[in-house]
Amino acid sequence: MNLELLRKKLLAAARGNPPTDRVPYAFEKRILARLQGQTRLDLSDLWAHALWRAVAPCVGVALVIGAWSFVALNDAAISQTMAVTENQDLSQHFEQVMLADVGEPNEEIR
Amino acid sequence: MERSDTELIAAVLKGDASSFEPLVEKYSPRLFATARRYARRESEVEDIVQEIWLKAFHKLASFRGDAPFEHWLMRLAVRTCYDFLRGHQRNRESNFTDITEPESDWLERFVAQPESASEDVDAAKQLVARLLEQLSPPARLVITLLEIEDRPVKEIARLTGWSVPLVKVRAFRARAEMKKVLARLAREKYL
C-alpha cells in the first residue's frame, strides 16, 4: 500500500469537505444572556478576589505573630528558671543566717 | 446604519454589553466552522464556540486594534480549540477494527487502483476524520492548519503563539505521526 499517496488522498478529502458554518438557532441570544448574567455576578466575584488577595498577608501576619509568641515564651521560660535559681540561693542564705546561732557541733549541752 | 467592529468594541468596553451581539452574529459562522474541525459532537462544538466568545468578552480590553478584530478572534479560537484537544485526549491508540464497511470498501478500491479512489466520497471523509482523531493535539492542530486549511507557516505561528521553527518541527513530527497511524491501519487491515 502506498502510504504517502493514501495520506495525500485522505488530506485532499478533508480539504474538499470543509465543515459547515451553520450556527445553532438563537445561539447569539444565549451568549448575551450568559454574559449579562456574568456581569451581574461581578460584585461577588470582586469580593472573592479581594478575599483571595488577603490570604497571603494574613498568613504572613500569622507567621510573624507566631514567631514573636514563640520567642517571647522562650524568654519567659528562661527568666522563670533564673528566678527559681535565685530564690534557691536566697532561701539557703536565709537558712544559714537563721540557724547560725544553733551552735558548734562539738559543744556540750548542759 | 451598521456600526463598525471598532465602534461596537468601544461601546462594549464602555459597559454596553448588548453591542457585543452584532459581533457574535457576524463571526459565529466562522467560529463554528473552525470548531467543527476539532470536535465531532455538536454539543462539544457549541461549548467550544461559547467558550471562545466568553473569553473574547472578558479579554476585549486587551484588543489593541492594530490588526482586524477577526484576526484577534481567530487566534483566540485556535488556542481554545487546542485546549479542547488537550483536554479531551482519549485513548488515541485505538485500533481500526471498528471501521465501517464503506470505509473498508474505499480502502480496498485504493489498494486495487490508488489513482481511481475518489476523495469526494463520504467514506474517505470519515476515514480522514478517524485518522485525525488518532493524532496528538499538536500534530492534529498543525496538520489541520497547514495541510487541510493551507495556511502559511507564519500565519500558523501567529495563530498558535508558537515560533516559526517550532511550527516547522511540529509539522515534520505530525507528518511522521500520520504515516505511523496509516502504517498501523495497513497492518491491521491487511495482515
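In segment B:170-191, of all residues being loosely packed, with under 14 Cβ neighbours inside 10 Å and aliphatic (A, V, I, L, M), the one that is nearest to B:LEU146 (Cα to Cα) corresponds to B:ALA176.
When you check B:GLU103 against the structure, is it surrounded by 15 or more Cβ atoms within 10 Å (Cβ to Cβ), in the same structural domain as B:LEU159 (by TED's automatic domain parsing), in contact (Cβ under 8 Å) with a residue 24 or more places away in the chain and not hydrophobic (A, V, I, L, M, F, W, C), yes or no? Answer is yes for this residue. Among the residues of segment B:1-44, the one identified as surrounded by 15 or more Cβ atoms within 10 Å (Cβ to Cβ), among the polar types (S, T, N, Q) and modelled with pLDDT under 95 is B:SER19.
Considering every residue within segment B:162-172, establish whether at least one is polar (S, T, N, Q) and free of Cβ contacts under 8 Å to residues at least 24 places away in the same chain. Yes, that holds for at least one residue.
Do we find a residue being more than 13 Å from every other protein chain (Cβ to nearest Cβ), buried (at least 16 other Cβ atoms within 10 Å of the Cβ), part of a helix (DSSP H, G or I) and of a type in the set (Lys, Arg) anywhere in segment B:79-90? Scanning segment B:79-90 turns up at least one residue that is more than 13 Å from every other protein chain (Cβ to nearest Cβ), buried (at least 16 other Cβ atoms within 10 Å of the Cβ), part of a helix (DSSP H, G or I) and of a type in the set (Lys, Arg).
Of all residues assigned to segment A:56-65, none qualifies as being at pLDDT 70 or above and within 14 Å of chain B (Cβ to nearest Cβ).
For segment B:93-184, please list each of the helices (runs of 4 or more DSSP H) lying entirely inside it that holds at least 1 residues being more than 13 Å from chain A (Cβ to nearest Cβ).
Here the list reads B:101-112, B:137-143, B:153-160.
The values are calculated or read from the model by the stated rules, or taken from the named source; none is laboratory data. None of the values given here were measured: they were computed from a predicted structure. For neighbour counting, all protein chains shown are included, and Cβ atoms are generated from backbone atoms with ideal geometry for every residue, glycine included.
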